[in-house]
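Everything below concerns the one structure shown next.
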Amino acid sequence: MTEQSPEENKQTATSRRVNALPVFALILIAIFAINYKPSIEAIYCNTETLSPKPDVIMLSTSWCPFCYEARRYFTNNEISYCEYDIEVDVKGKDMYDHANRYADQTGMPLGTPVLFIGDHQLSGFDQNRVEKLLSEDKTL
């Protein structure tokens, strides 16, 4: 086995670093692609959005992944909804606190989103339950 000179060692190390750059770039691109979520604008509750009585009222937070999924589902399926961000909207916070009072009796505190469909209240987003309640609400 022949020993490499210090200059050859330096060139070999530089060559390995250059070869690793495309691999590193591909890993970063893959991570970004996996975590990318297209922006879906929230439709906040106000007199304009509440006057036609939306099918769903949602209590949400801006960072909640389940709120994002619910928002995307409602938008993609053209379900009328509006939401209150419980961290910035006083009325939303009051509604959440009121709903949580009943949850405290069962020992299960609410998370987000909290969905109001007709006379029903759901904690969390379950597409099948939402579809069932929406179809029941339409038949009444």
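The values are calculated or read from the model by the stated rules, or taken from the named source; none is laboratory data. If you're wondering where the values come from, they're calculated on a predicted model, not measured in any experiment. Heads up, the Cβs are rebuilt from the backbone with ideal geometry, glycines too, and the neighbour counts pull from every protein chain shown.
Quick look at the numbers
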read-out: Residue list for the range 78-114, restricted to those being touching a residue at least 12 places away in the same chain (Cβ under 8 Å) and under 22 Å from P38 (Cβ atoms); value: I79, S80, Y81, C82, E83, D85, T112, P113
read-out: Pick from the range 38-96, criterion basic (K, R) and under 17 Å from the mean Cα position of the chain (by Cα), ranking: surrounded by the fewest Cβ atoms within 10 Å (Cβ to Cβ); value: R72
read-out: Positions within the range 34-77 being within 18 Å of I117 (Cβ to Cβ), part of a helix (DSSP H, G or I) and in contact (Cβ under 8 Å) with a residue 24 or more places away in the chain, in sequence order; value: T49, L50, F66, C67, E69, A70, R71, R72, Y73, T75
read-out: So F32, is it modelled with pLDDT of 70 or more and surrounded by 10 or more Cβ atoms within 10 Å (Cβ to Cβ); value: no
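Quick grid of which residues meet (1) modelled with pLDDT of 95 or more; (2) of a type in the set (D, E, K, R); (3) touching a Phe, Trp or Tyr at 6+ places or on another chain (Cβ under 9 Å):
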position: A20; (1), (2), (3): no, no, no
position: I27; (1), (2), (3): no, no, no
position: E41; (1), (2), (3): no, yes, no
position: C45; (1), (2), (3): no, no, yes
position: P52; (1), (2), (3): no, no, no
position: T61; (1), (2), (3): no, no, no
position: P65; (1), (2), (3): no, no, no
position: D97; (1), (2), (3): no, yes, no
